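Asks: Mind looking over this structure? Questions follow.
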């Protein structure tokens, strides 16, 4: 099954190339925003005055490499304390769901996100990095919210 997933992933990279997009704002901010699969929302936030109050805004498209990247980023950037998770959930991957399951339950001994119903929820980050994420970061659940003003209210 894993080789089939890898094959499908490689086909998707060619047929539907997706750029990993993120934008930096105020390096002293304690907020980050994850827009899941909502590219329009990402662009709107990244070009708004909200970036004066946000350290980074980016998308999350996968339940494995994408979540690994978030964990590594907040572990290296200790000023970030809150992540607003908004935008449309990633169809099929349910990356937002997996992020919250990781936050609540952690990973098992094989690096699988406990209680995730995503197809491939295996992480490569260390348990100490996961523990940091679970204890030092606050996730704000706005999954499927795409209204810019409602998201902005969570920052101010």
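Asks: For segment 127-146, give me each residue that is under 22 Å from residue 45 (Cβ atoms) and either assigned to a strand (DSSP E or B) or out of contact with any helix residue (DSSP H, G or I) (no Cβ under 9 Å at 6 or more places or on another chain) (or both).
Replies: 138, 139, 140, 141, 142, 143
Asks: Just to be sure, is residue 98 part of a helix (DSSP H, G or I) and either at positive phi or crowded, with 17+ Cβ neighbours inside 10 Å (or both)? Give the steps one after another, and end with the answer.
Replies: Details: part of a helix (DSSP H, G or I): yes; either at positive phi or crowded, with 17+ Cβ neighbours inside 10 Å (or both): yes.
When the stated conditions are applied, residue 98 passes them.
Asks: Could you tell me which of the residues 155, 151, 114, 143 is in contact with a strand residue (DSSP E or B) (Cβ under 9 Å, 6 or more places away or on another chain) and either under 13 Å from residue 81 (Cβ atoms) or modelled with pLDDT under 95 (or both)?
Replies: 155
Asks: Here's another thing I want to ask about it. For segment 81-94, give me each residue that is modelled with pLDDT of 95 or more and buried (at least 21 other Cβ atoms within 10 Å of the Cβ).
Replies: Across segment 81-94, the qualifying residues are 83, 84, 85, 86, 87.
Asks: Show me the strands (runs of 3 or more DSSP E) found entirely inside segment 22-83 where at least 2 residues are closer than 17 Å to residue 140 by Cβ.
Replies: 31-34, 56-58
Asks: Just to be sure before I move on: is residue 47 under 15 Å from residue 22 (Cα atoms) and exposed (fewer than 15 other Cβ atoms within 10 Å of the Cβ) in the structure I sent? Can you show your working first?
Replies: Working: under 15 Å from residue 22 (Cα atoms): yes; exposed (fewer than 15 other Cβ atoms within 10 Å of the Cβ): yes.
So residue 47 passes the test.
The values are calculated or read from the model by the stated rules, or taken from the named source; none is laboratory data. Computed from a predicted model, the values in this text were never measured in an experiment. Glycine gets a Cβ as well: all are built from the backbone with ideal geometry, and neighbour counts include every protein chain shown.
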